[in-house]
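Read the structure below first, then the notes.
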Ligand code: SF4
Ligand code: SF4
C-alpha cells in the first residue's frame with residue numbers, strides 16, 4: 001500500500017502526521033517512509049535517523065561547441081527558463097543555475113552545436129529508526145529542479161523496496177500542488193490530506209484534492225489543530241461532507257507536538273496518549289483504501 005501525505009498549505013503538520021502514522025504502522029508491518037519534501041527534508045530529524053548517502057542525482061544540461069555555433073539565437077528563444085542569454089552577433093551565454101534540463105535548446109539548434117552533459121542537483125539518503133526504513137532526498141542549494149529529485153527519490157525508493165518488501169510505503173510530500181507534489185502523488189493508492197482550521201489551509205486543501213480527483217486516487221482528510229478555531233473546523237467538515245470525503249481524524253492543538261519535534265522524536269513514541277489517535281487514523285485509512 002502506497003500512501004501520500006500531503007495537504008496543500010505549508011505548516012499544517014504533514015511531516016508530523018506522516019512520521020507518527022508510519023511509526024504506528026511499523027508496530028505490525030514492514031514500512032518505508034519516503035521524504036519527498038526535497039527542498040526542506042525533515043523526516044530524518046523527527047525520526048532521529050542517521051542519514052547515509054545512497055546516490056547523487058544528476059540532471060542533463062546543454063554543452064556548447066562554439067566552433068559549430070552560427071550565432072542564430074534560436075536556443076535562447078526556445079529556453080523558457082531564460083537560462084541562455086543571447087546578444088546579436090555574439091555567442092550565447094549559458095546560466096547553468098537556471099537550467100532545468102528540458103533539452104529544448106539541444107533539439108532546436110540547427111547546427112548541432114549543443115550536446116548534453118550533466119550537473120549535480122541533489123542527493124538521496126537512506127536511514128532507519130523505530131523499525132521504519134527511510135528514503136529521503138535533498139535538493140542541492142540553489143537548484144530549481146525539485147520535481148526531478150522527487151521523481152528520482154520515488155524511483156530509488158521502489159528499487160530499495162524490492163529488497164525490503166515494505167507492506168506500507170508512506171510518501172511525505174512538499175507543500176503546494178506543483179511538480180514536486182505531483183511526483184509524490186502519482187502511483188499512490190491513497191492520499192491523506194492534512195489541513196488546519198484556517199481559510200488559506202481550506203483553500204489549498206481544495207486545490208490538492210482537485211489533483212487527487214484528477215488522478216483518481218482515493219483520499220481522506222486529517223484536521224490538525226482542530227480545536228484552535230472550532231468554527232472554522234466546522235467549515236472544513238461541511239466541505240468534506242458535501243464532497244463525500246471522509247474525515248480520518250482530528251488532532252488537537254497541543255504543545256506536546258512541538259516538544260516532540262524539539263526532542264527529535266515521533267510524538268507517538270514520547271507521548272503514548274496519542275497512540276490511540278494515530279492508530280485510529282491508520283485503521284480508518286486502511287479501511288477506506290481497501
Ligand atoms: S541555436 Fe545553435 S547555432 Fe544558434 S545560437 Fe544557439 S548554439 Fe548557436
Ligand atoms: S535544457 Fe532547457 S532549460 Fe536548460 S538551457 Fe536548454 S532550453 Fe533552457
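The values are calculated or read from the model by the stated rules, or taken from the named source; none is laboratory data. As the structure is a prediction and not an experimental result, all values here were calculated from the model. Ideal geometry is used to build each Cβ from the backbone, glycine not excepted, and the neighbour counts take in all protein chains shown.
Okay, residues lined up against (1) away from ligand 2 (no atom under 12 Å from the Cβ); (2) in contact with a helix residue (DSSP H, G or I) (Cβ under 9 Å, 6 or more places away or on another chain); (3) assigned to a strand (DSSP E or B):
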residue: 59; (1), (2), (3): no, yes, yes
residue: 62; (1), (2), (3): no, yes, yes
residue: 77; (1), (2), (3): no, yes, no
residue: 80; (1), (2), (3): no, yes, no
residue: 90; (1), (2), (3): yes, no, no
residue: 97; (1), (2), (3): no, no, no
residue: 105; (1), (2), (3): no, yes, no
residue: 134; (1), (2), (3): yes, yes, yes
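I'd like to check something: does segment 121-131 contain any residue that is within 16 Å of ligand 2 (Cβ to nearest atom) and either in contact (Cβ under 8 Å) with a residue 60 or more places away in the chain or in contact with a strand residue (DSSP E or B) (Cβ under 8 Å, 6 or more places away or on another chain) (or both)? For segment 121-131, residues within 16 Å of ligand 2 (Cβ to nearest atom) and either in contact (Cβ under 8 Å) with a residue 60 or more places away in the chain or in contact with a strand residue (DSSP E or B) (Cβ under 8 Å, 6 or more places away or on another chain) (or both): present. Being at pLDDT below 95 and closer than 27 Å to residue 268 by Cβ: is that true of residue 171 here? For residue 171, the condition - at pLDDT below 95 and closer than 27 Å to residue 268 by Cβ - is not met. Within segment 245-290, the residues that satisfy the criterion of being touching a strand residue (DSSP E or B) at 6+ places or on another chain (Cβ under 7 Å) and under 19 Å from residue 168 (Cβ atoms) are 246, 248, 249, 277, 280, 281, 284, 285, 288, 289. Scanning segment 169-185 for residues that are over 18 Å from residue 18 (Cβ atoms) and in a loop (DSSP other than H, G, I, E, B) yields a single hit, 178.
Out of segment 92-107, which residues are surrounded by fewer than 13 Cβ atoms within 10 Å (Cβ to Cβ) and either without any contact (Cβ under 8 Å) to a residue 24 or more places away in the chain or within 11 Å of ligand 1 (Cβ to nearest atom) (or both)? Result: 93, 95, 107.
A single member of 228, 234, 202 is free of Cβ contacts under 8 Å to residues at least 12 places away in the same chain and either in contact with a strand residue (DSSP E or B) (Cβ under 9 Å, 6 or more places away or on another chain) or surrounded by fewer than 19 Cβ atoms within 10 Å (Cβ to Cβ) (or both), and it is 234. Please state which one of 128, 88 is assigned by TED's automatic domain parsing to the domain that holds residue 29 and modelled with pLDDT of 95 or more. Just one listed residue meets the conditions, 128. Do we have any residue at all in segment 49-70 that's under 30 Å from residue 220 (Cβ atoms) and in the same structural domain as residue 258 (by TED's automatic domain parsing)? Yes: one or more hits.
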